[in-house]
Structures are given as structure tokens and as C-alpha cells.
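For reference, the structure is listed below as C-alpha cells.
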Amino acid sequence: MRRTGQSRAESGFSLVEVLVAMIIIAVGLLGIAKMQALLLADSGISRVRALVALEAASLAASMHANEDYWASAPSGVSVTISPTSATPVSASGDANLANGVGAALANPSLCEFSSTASYCTPANMAGYDLVQWEQAMNSMLSGATTQISCQSANLQIFCTIDITWTENLANANREEQGSTALQTQSYQLVVEP
């Protein structure tokens with residue numbers, strides 16, 4: 001015997017079942033979208049932190065390349081790099097470095113290689129490197145401040161590079177929505193020129 005009609009239990013999905021399934025899928029898609037947004041924010045933060053580490057290593061390489069100055073720098077040399085101040089690079093503890101920074105700020109091409117370039121002392125070269133580094137750092141991460149301090153211990157010079165910046169953190173859940181999303185971060189590198 002053949003059946004000509006199907007029973008009501010076998011007739012397929014009802015409209016209520018379809019709506020419930022669509023709601024479950026929509027909630028899942030919203031969760032995936034939130035995770036994607038957090039991943040994008042975290043990758044942006046990771047990118048900035050990696051660039052800060054690379055810039056600090058770049059400054060350390062400049063210090064190693066100019067060991068005529070940095071390996072014999074007087075203990076207590078301090079450099080402040082703050083692009084938001086009137087003087088973006090300032091040095092204290094060594095008059096030669098302070099003069100080199102001032103000369104590099106006044107003449108940005110002071111120690112550039114050319115056939116007509118005047119003699120560039122190691123202190124002038126250090127000032128030139130610091131000014132050039134500040135400009136590169138400011139174009140990459142504006143508002144970051146850097147403090148370089150050199151001390152001698154056991155006839156060795158150690159310089160500490162401290163970079164501080166503010167980053168905007170993503171709020172992962174509802175409890176964090178009221179908290180401030182700006183957080184100060186810092187990176188420190190110790191260099192032995």
C-alpha cells in the first residue's frame with residue numbers, strides 16, 4: 001500500500017524552529033565579529049610594541065656605531081627626547097653632547113655625508129643621530145617620550161633607553177567598558193656601547 005500523504009510529524013521544519021535556528025546563528029556571528037574586532041585591536045597594539053622595540057634597537061645600533069663618543073661618555077649623561085616639548089631633544093651631563101644636539105637641531109644636515117660637509121665630531125655625530133632618531137620615532141609614534149641615561153660601573157659605560165607611550169586598549173567585556181582604555185606603556189633597553 002502506498003501512502004499518498006505524510007503525517008504531520010514528518011512534514012519538515014516549522015517556522016518557530018527556523019526562527020530559533022536563525023537567532024542562534026545570529027548570536028554566534030555576533031560573537032565571531034566581536035572576537036575579530038578584538039584581534040584587530042590586539043594586532044595593532046602588537047605592531048606598535050614591535051616597532052618601539054625595533055626603534056630602540058636602531059638607537060642602540062647608532063650608539064654602537066659611534067663608540068668614539070658613547071663608549072667614553074661621562075657618567076651621568078642624560079638625554080630627554082620629547083617631541084611635544086619646545087626642544088624635542090635635550091642633553092645634560094656633557095656640554096659636548098648638548099652642543100652637538102643643539103648644532104644638529106639648528107642644522108639637520110650637519111653630519112650628513114657630502115663632499116662639502118664640515119668635520120663632524122663624535123659628540124656632533126651623537127647629537128645628529130639623536131635628532132634623526134627623534135624625527136623617525138615621532139613620525140611612527142607621536143607623543144612617545146624617551147629618556148637615555150648613561151652611568152659607569154667597573155670602568156664600563158651602560159646606557160639605559162626608556163621609551164614611554166600611551167596606547168588605546170580594546171575593552172573585551174562589559175565590565176571593562178567603564179574603565180579607561182588609555183594605558184601608559186614603557187620599553188627599556190640597556191646598551192653597553
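The values are calculated or read from the model by the stated rules, or taken from the named source; none is laboratory data. Worth saying up front: this structure is predicted, and the values here are computed from it rather than measured. Cβ sites come from the backbone with ideal geometry, for glycine too, and all protein chains shown count toward neighbours.
Could you run through the range 66-114 and say how many residues are under 18 Å from residue 192 (Cβ atoms), out of contact with any Pro (no Cβ under 8 Å at 6 or more places or on another chain) and surrounded by fewer than 22 Cβ atoms within 10 Å (Cβ to Cβ)?
Looking only at that region, the number is 5.
Is it true that some residue in the range 76-90 is at pLDDT 90 or above and either among the aromatic types (Phe, Trp, Tyr) or in a helix (DSSP H, G or I) (or both)?
Looking for residues that are at pLDDT 90 or above and either among the aromatic types (Phe, Trp, Tyr) or in a helix (DSSP H, G or I) (or both), one finds none in the range 76-90, hence no.
When only residues in the range 156-193 that are assigned to a loop (DSSP other than H, G, I, E, B) and within 17 Å of the chain's Cα centre (by Cα) count, which is modelled with the lowest pLDDT?
Here the answer is 170.
I'm trying to understand the selection: among the residues of the range 143-155, which are modelled with pLDDT of 85 or more and either assigned to a strand (DSSP E or B) or exposed (fewer than 15 other Cβ atoms within 10 Å of the Cβ) (or both)?
143, 145, 146, 147, 148, 149, 150, 151, 152
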